[in-house]
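Let me begin by presenting the structure, written as structure tokens, before commenting on it.
The values are calculated or read from the model by the stated rules, or taken from the named source; none is laboratory data. This one's a predicted model, so the numbers in the text were calculated from it and none came from an experiment. No Cβ is skipped: glycine too gets one built from the backbone with ideal geometry, and neighbour counts run over all protein chains shown. Just the protein is used for accessible areas: all its heavy atoms, side chains included, with ligands, DNA and RNA removed. Shrake-Rupley method; radii C 1.70, N 1.55, O 1.52, S 1.80 Å.
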Amino acid sequence: MQPRRVLAGLAIILSVVALPVLVLAITSNWNWLRGPISSHVHDTTGRALLLQGDLKVHLGWPHTRIQAENVAFSNPPWAHEKQMFEARNVGFSLAMVPLLSGRIVLNEVKLDRAVALFEQAADGRKNWLLDRQQRDESARITVNHVAIKAGRIGYSDVRQKTAISAIVETLDASTATDTPLSVTAQGQYRGLKLKAQAQGASVLTLREFKTPYPLKLTGTIGPTTVRADGTITNLAELSAIDLKISLSGGSLAQLYPLLGIVLPDTPPYVTQGRLLHQSQRWRYENFSGRIGRSDIAGTFQVDTGGKRSKLTATLASRQLNLADLGPLVGSDHSSTASASGKLAVDQPAAGRRVLPSTPFRSERWPQMDADVTFKAASIKHDAALPIDTLSTRLHLKDAVLTLDPLRVGVAGGSLAGSLVLDARQQPIRAHADLNARKISLAQLFPTFDQNKTSIGQLNGDIRLRGRGDTVAAMLGSADGKLAMVVNDGEISKLMMESVGLHLLEILQLKISGDKPIRIRCGVADFDVKQGVMQPNILVFDTDITRIGGSGSIDLGKEQLDLTLTPISRKLSLVSLRTPIHVQGSFADPQVSLDKTKLAARGLGVVALGLINPLLALLPLIETGPGLDSECRQMINEAQTP
């Protein structure tokens, strides 16, 4: 008897529970539920839900289908618009299991003639959060899939200077296209004007992790133009992206408000490549394009999982246009415009500044790290500049930017070493440690015909420390040393006779033709203090003329004040032997003869002042031909009583 009683009890309980469900299931008019639902929503959120049309419910498990007409949900009082959401027709599938724990999850939402306006206040409140203060991130409706036949979606964020309005339309199912959804958006994004058009699948898979969503996009954000074609997985959180994308704009630095990535100032650019995103990694791979008049190709990626984002890149250029590097060091990339925007020819040469004076954007450096390798196989430059190649590895960490190693191919040799810009304190601390090695004299001044017959190499060291937010300020405050040595070689005899002002010999060479003469030694050794270069030694010695130099070079004021004194090693019947003055600005140097006095000093006077400084330069002298070089012989001559 006991089992029968148990079964009977269960039957009674099931009947009591099932009876209301059966009654609800056969109910054809659900409009009676509109009032209770609206009251519950108001009690929970403090906002009005209006259900002014028919309400239909199709009970089921694990999903219940609901349809409603003429629906409106009001905004909180602080929002700009009265209603947050309005729609002529709404249909969705309500997940029943999450509802048991108080979560509202909607699948397959269908909207027609809908308006949804999402707004975030300056104090962080969000109108799509359903608690009374609009601050509880868990108090929201989760939507997995949505299809919009026709509607408008808006988003506004005062703090981010963002306000976007988008018109959405879906073509009829009879239309043969993989992307029937059309979106036209305009407004501003982070203060930049935005216009965009996009096409996609009819159902927006907001939280679909298995099926990528197809997307085609064209648009402009500020000065940046974007074209993209590919797929996005999980539109709500951008779990994965695979897009063929092209970008163009006025400068790579203009991408910072969009991406939060610190990129350098550049001339206008255009690139095409493949954009991939997964987890915390963004990768723009196998891209190619142009920056200014230079080609560029490579791959870069950004990892956002650490304390700071990190940019890693490998970049290459077949031909780098030297003028395109101007903005990187704070120089106007336009060769015809000055900083004021006026044509350079309108400005007197004496008043122009040569050293780059645009500040580095160092305030952005602490926000990310970087490791970038760059190599230019060839460099297009002005005919007077003997620069061939460029390679470097850039590191940015803790607001310290380092170029190490840095190597520039110059006149058959190299200028190599490291540069450090430390922005942890203001102004920036700059350190330059560079070595010039095996630079060919014949290639050093390619536009100077008399130099083409020269033979020999230049070696040197540069050690400078400065402070400033521009290259001009760094050099204008620099302390350190600069030394250059020419060991052995040959140079144009006509050039040296001209410098020595040997008029008769110049005439003879013009008639008979130029000849090479031996270079005994050339040395330039400068101390640099507070941006002023003063020579310890400035001498160039050949078999016929020794040229000594004195004076100063002011890097801060960009002014030259040098005197070159030629002293003949031979008797010349017609020789002016007059000092030569090099003065004026870097932009407009002036060369003149000293007509008030003749150079009466002998060789011993010049040699006497060279003994101790030359001894200090022996390591650099021995970098070249070695112990038997002409520079060592000149030291021995100067030491001989």
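Those residues that are over 20 Å from the mean Cα position of the chain (by Cα) and in a strand (DSSP E or B), I need them from region 421-436; list them, please.
Kept after step one, since they are over 20 Å from the mean Cα position of the chain (by Cα), are these residues of region 421-436: 425-427, 429, 431-436.
Across region 421-436, the qualifying residues are 429, 431, 432, 433, 434, 435, 436.
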Next on the checklist: Tell me whether region 126-140 contains one or more residues that are touching a residue at least 60 places away in the same chain (Cβ under 8 Å) and either open to solvent by less than 50 Å² (accessible area, probe 1.4 Å) or within 27 Å of residue 197 (Cβ to Cβ) (or both).
Outcome noted: yes
Checklist entry - Would a scan of region 271-291 turn up a residue that is over 17 Å from residue 373 (Cα atoms), at pLDDT below 90, buried (at least 16 other Cβ atoms within 10 Å of the Cβ) and polar (S, T, N, Q)? => result no
Next on the checklist: Just checking, does region 503-520 include any residue being of a type in the set (Val, Ile, Thr), open to solvent by 30 Å² or more (accessible area, probe 1.4 Å), closer than 26 Å to residue 355 by Cβ and modelled with pLDDT under 95?
Outcome noted: no
Item to check | Single residue of region 151-167 satisfying the filter (open to solvent by 30 Å² or more (accessible area, probe 1.4 Å) and in a strand (DSSP E or B)) that is farthest from residue 91 (Cα to Cα) | outcome: 163
Checklist entry - Within region 317-329, is even one residue modelled with pLDDT under 85, among the hydrophobic types (A, V, I, L, M, F, W, C) and touching a helix residue (DSSP H, G or I) at 6+ places or on another chain (Cβ under 6 Å)? => result yes
Checklist entry - If you scan region 301-317, which residues turn out to be under 18 Å from residue 401 (Cα atoms) and either open to solvent by less than 30 Å² (accessible area, probe 1.4 Å) or in contact (Cβ under 8 Å) with a residue 40 or more places away in the chain (or both)? => result 302, 308, 309, 310, 311, 312, 313, 314, 315
Checklist outcome for this item: Within region 290-326, the count of residues that are under 20 Å from residue 386 (Cβ atoms) and in a strand (DSSP E or B) comes to 4
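Go through the residues of region 410-420 one by one and say whether even a single one is closer than 18 Å to residue 468 by Cβ and part of a strand (DSSP E or B).
Going through region 410-420, the residues closer than 18 Å to residue 468 by Cβ turn out to be 419-420.
Restricting the remaining residues to those that are part of a strand (DSSP E or B) gives 419-420.
Yes, because at least one residue in region 410-420 is closer than 18 Å to residue 468 by Cβ and part of a strand (DSSP E or B).
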Item to check | Residue that is modelled with pLDDT under 95 and in contact with a strand residue (DSSP E or B) (Cβ under 8 Å, 6 or more places away or on another chain), where the choices are 428, 439 | outcome: 439
Next on the checklist: Based on this model, can you work out whether residue 188 counts as in a strand (DSSP E or B) and open to solvent by 40 Å² or more (accessible area, probe 1.4 Å)?
Outcome noted: yes
Checklist entry - Is it fair to say residue 233 is without any contact (Cβ under 8 Å) to a residue 40 or more places away in the chain, under 30 Å from residue 112 (Cβ atoms), open to solvent by less than 40 Å² (accessible area, probe 1.4 Å) and not hydrophobic (A, V, I, L, M, F, W, C)? => result yes
Checklist entry - Given the conditions (1) modelled with pLDDT of 95 or more; (2) over 42 Å from the mean Cα position of the chain (by Cα); (3) surrounded by fewer than 16 Cβ atoms within 10 Å (Cβ to Cβ), and given that residue 89 satisfies all but one, which numbered condition is not satisfied? => result (3)
Checklist entry - So how many residues does region 205-230 have that are assigned to a loop (DSSP other than H, G, I, E, B) and open to solvent by less than 50 Å² (accessible area, probe 1.4 Å)? => result 3
Next on the checklist: within 48 Å of the chain's Cα centre (by Cα), in contact (Cβ under 8 Å) with a residue 24 or more places away in the chain and either open to solvent by 40 Å² or more (accessible area, probe 1.4 Å) or over 25 Å from residue 236 (Cβ atoms) (or both): is that true of residue 73 in this structure?
Outcome noted: no
Checklist outcome for this item: The condition from (1) within 23 Å of residue 206 (Cα to Cα); (2) in contact with a strand residue (DSSP E or B) (Cβ under 7 Å, 6 or more places away or on another chain) that residue 222 misses is numbered (1)
Checklist entry - Of the residues that sit in region 254-270 and are among the hydrophobic types (A, V, I, L, M, F, W, C), outside any loop (DSSP other than H, G, I, E, B) and under 16 Å from residue 315 (Cβ atoms), which one is least open to solvent (accessible area, probe 1.4 Å)? => result 255
Checklist entry - Got a sec? Which strands (runs of 3 or more DSSP E) wholly within region 43-141 have at least 2 residues that are closer than 23 Å to residue 158 by Cβ? => result 63-74, 83-95, 104-120
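Report, by residue number, each residue of region 352-377 that is among the hydroxyl-bearing types (Ser, Thr, Tyr), closer than 23 Å to residue 321 by Cα and at pLDDT below 95.
Listed by number, the residues that qualify are 357, 358.
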Checklist outcome for this item: Out of (1) buried (at least 16 other Cβ atoms within 10 Å of the Cβ); (2) out of contact with any Leu (no Cβ under 8 Å at 6 or more places or on another chain); (3) assigned to a helix (DSSP H, G or I), the one residue 356 does not meet is (3)
